1. If Phe101 satisfies all but one of (1) farther than 30 Å from Asn278 by Cα; (2) within 13 Å of the chain's Cα centre (by Cα), what's the number of the condition it fails?
2. When the stretch 146-168 is examined, which residues are found to be touching an Asp or Glu at 6+ places or on another chain (Cβ under 6 Å) and in a helix (DSSP H, G or I)?
3. Which residues, taken from the stretch 158-190, are touching a Leu at 6+ places or on another chain (Cβ under 7 Å) and hydrophobic (A, V, I, L, M, F, W, C)?
4. When you look at Ala43, is it at pLDDT 95 or above and not assigned by TED's automatic domain parsing to the domain that holds Ser303, yes or no?
5. It is to be established whether one or more residues within the stretch 334-344 are aliphatic (A, V, I, L, M) and either assigned to a loop (DSSP other than H, G, I, E, B) or on the phi > 0 side of the Ramachandran plot (or both).
6. Going by the conditions given, is Leu272 buried (at least 22 other Cβ atoms within 10 Å of the Cβ), at pLDDT 95 or above and within 22 Å of the chain's Cα centre (by Cα)?
7. Taking the conditions exactly as written (modelled with pLDDT under 95, part of a helix (DSSP H, G or I), of a type in the set (Lys, Arg) and more than 30 Å from Ser18 (Cα to Cα)), does Lys171 satisfy them or not?
8. Any residue in the stretch 134-145 that is assigned by TED's automatic domain parsing to the domain that holds Tyr113 sitting within a Cβ distance under 6 Å of a residue that is in a helix (DSSP H, G or I) and surrounded by fewer than 24 Cβ atoms within 10 Å (Cβ to Cβ)? List the pairs, counting only those 6 or more apart or interchain.
Amino acid sequence: MKKAHLVKRFREFCNNLSKKDRVAILHHSDSDGLCSAVITAKAIENLTGKKPVVVRHYEYGNIKQGKKAALLMKKHKVNILIVLDIGIDSAPHTLREYCAFDKCLVIDHHTMYKDLNSEDTVFLKAQFFTKKDPSSYVTSKFAFDLFSKVTDVKKLDWVACVGIIGDMSLKNWKPFVKKTIQKRKISLTQLYEAEDLIAAVEALADEDLGKLFKAFYKAKRLQDVLKSGLTKYLKRFRKEKAVIVEGFDDKSEKFPELELFIYCIKNKQENLKSYVINEISLMHPNKTVILMQDLGGNRVRFSGRRQDFKVKINQLLVNATKNIPESTAGGHIPAAAGSIPKKYLKKFRANLLRILKKKYKA
C-alpha cells in the first residue's frame with residue numbers, strides 16, 4: 001500500500017475524531033510503547049479536547065494482561081481503539097477480542113505478517129514509510145512524526161527520544177536526539193535515566209506503569225519525570241540486572257561454531273529478561289544470544305538478540321516454535337521474544353540448534 005494513501009487515511013481518522021468518542025490506547029509495556037502512548041494520548045486530547053478513557057499496557061502473549069485490557073475497554077464503552085508498538089498481526093487473536101470498536105488505528109514497527117488495513121482499521125507499519133529496517137523506526141518516533149501532521153506535538157520530542165533510546169536506536173536518530181537535547185536543555189544521561197526508570201517499573205512493578213504514564217503525561221519537561229516517586233525502583237532494578245548479567249559467562253551454554261549463547265535464568269520478575277539480554281547483546285554484538293526465563297509456572301519466556309543482522313532473530317524464534325503447541329514468537333530482525341509451555345523447553349532448544357546448524361552449514 002502506498003505511503004500517500006495511508007497518510008490520507010490517517011488524517012481522515014484523526015479529523016473524524018470528536019469529543020463524543022471514547023478512545024482507548026493499548027500499548028506495548030516497554031519504553032518505546034509507553035512513550036508512543038504518551039505522544040498519542042496528548043495528540044488525542046489536542047484533537048478532541050478530551051483525554052483517552054483507557055490507556056493500558058500489554059506484553060506479547062500475556063493472556064492475563066489481554067483479558068484485563070478487554071474488560072477495562074468494555075467497562076468504559078470504548079468505540080475507538082488505538083494499538084501502539086504491538087505486532088498484533090502476528091498474534092493469534094483478532095483486534096475485536098479487545099473491544100467492539102467502530103474505528104481502529106494501529107501504529108507499529110515490527111515485521112509485518114499480515115496487512116490488517118480495512119474499512120474500519122487504519123494499519124500503519126513502519127515498512128510502509130521507510131526503506132530502512134523497520135525495527136529502527138521506533139514507534140515513539142513514528143507516532144511523533146505522524147501526529148505532527150495533524151496537531152502540535154513538538155514539545156514531546158524528548159519523549160520520542162526516550163523511546164528511541166529504549167529500543168536501542170540512538171545511532172539511527174542521532175541528529176534528532178542531538179537537536180532535542182540542545183533545544184530542551186537536557187543531557188543524554190538524563191534521557192538514559194528516564195529510559196532506565198521505565199525499565200525498572202516494567203520489570204519490578206508493572207502494575208505501576210499506569211502511574212508512570214501519568215508522570216510522563218503531566219511532565220512539562222524531562223526533569224519532572226526524574227523527580228517521580230517511582231525512582232525508588234531504580235536501585236533494585238540495577239542490582240538485580242547486574243547479578244544476572246555477571247552470571248552470564250559462567251552459566252551460559254556456548255556454541256562457538258554457531259556463534260550462539262543460550263542462557264537460562266530463574267527469576268520471578270517477568271519483564272527483566274529484555275533488559276538483561278539487551279546488555280548482554282551489546283557485549284556480544286556479533287553473536288546470537290538466547291535468554292530463557294523460568295518464572296516458576298508452567299511456561300518459559302524467551303528473548304533473542306543479534307546486533308549485526310547476520311541471523312534474523314524474529315524468523316529464528318518463529319521457526320523454532322512452529323511445531324510447539326500454545327507457543328508465541330515474533331519481533332524484529334535484531335530483537336524478538338516469545339513463550340512456550342515449559343514441557344517443550346528441550347524441543348525448543350533442539351529446534352534452535354537444528355536451524356542454526358543448517359544455516360551455518362549452508
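1. (2)
2. Val162, Gly163, Ile165, Gly166, listed by residue number.
3. Within the stretch 158-190, Trp158, Cys161, Val162, Ile164, Ile165, Val177, Ile181, Ile186 qualify.
4. Against the criterion (at pLDDT 95 or above and not assigned by TED's automatic domain parsing to the domain that holds Ser303), Ala43 qualifies.
5. no
6. No: the conditions fail for Leu272.
7. So Lys171 fits the description; yes.
8. Pro134/Ala126; Pro134/Gln127; Ser136/Asn172; Tyr137/Ala126; Phe142/Ala126
The values are calculated or read from the model by the stated rules, or taken from the named source; none is laboratory data. Since we're looking at a predicted model, the values are computed, not measured. Reconstructed Cβ throughout: ideal geometry from the backbone, glycine too, with neighbour counts over all protein chains shown.
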